[in-house]
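Structure, as structure tokens:
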Amino acid sequence: MKPPSNGPPNQRNNDWSEADSSLYREIASVAVPAREVQIAIVLTLLPFDRREAFRIVELGSGPGSLSHALLDCFPNNSEAWNYYRFPDPGDRPSPLVDQLAWLKEAGFAIVDCFWLQAGHAIFGGYKSVPEAVERVGLAEALQYAEEACRITR
């Protein structure tokens, strides 16, 4: 039997449990500032027509709120679920300015940080200037995000 630990899950021998997930869901609105706004911004940044079929790969962790909103907002897409469900606790993100520079070096024509609050960022780039398509507006995207967060709580 292992002794209990009072530290965060990533400091407890990488043992993440359902209890940890449950606690995270309870505090997600505090741990992830403006979660619905973050999801809505991602929806508005996608350079796809709402009727276009494309594939989503969920790389984040959590209860799937982003995936839920994406699938509702873009009904003709397909999804591959969460390839990085058990992240490496030794993996420390590089500074945002470095990650933006790497995107430029990788050939992205437009690179930016689209949203930043309390250490959380939505950043990325486009390989070319996106065509004019019928994009999702922020007000509509917020509705999808709020519903997804409500369902996945």
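Computed from the coordinates by the stated procedures, all read-outs in this text should not be read as laboratory data. Quantities reported herein were computed from a predicted structural model and do not represent experimental measurements. When we count neighbours, we look across all protein chains shown, and the Cβ atoms used for this are built from the backbone with ideal geometry, even at glycine.
Could you tally the net charge around Ala40, taking each other residue with its Cβ under 9 Å from the Cβ of Ala40, Lys/Arg +1 and Asp/Glu -1?
Value of the local net charge: -3.
May I ask for the net charge around Ala141, where only other residues with Cβ less than 10 Å from the Cβ of Ala141 are counted and Lys, Arg are +1 while Asp, Glu are -1?
Around Ala141, the charge tally is -2.
What is the packing order of peptides 120-133, 64-77, 138-151, taking the mean over residues of other C-beta atoms within 10 Å and listing the highest first?
64-77, 138-151, 120-133
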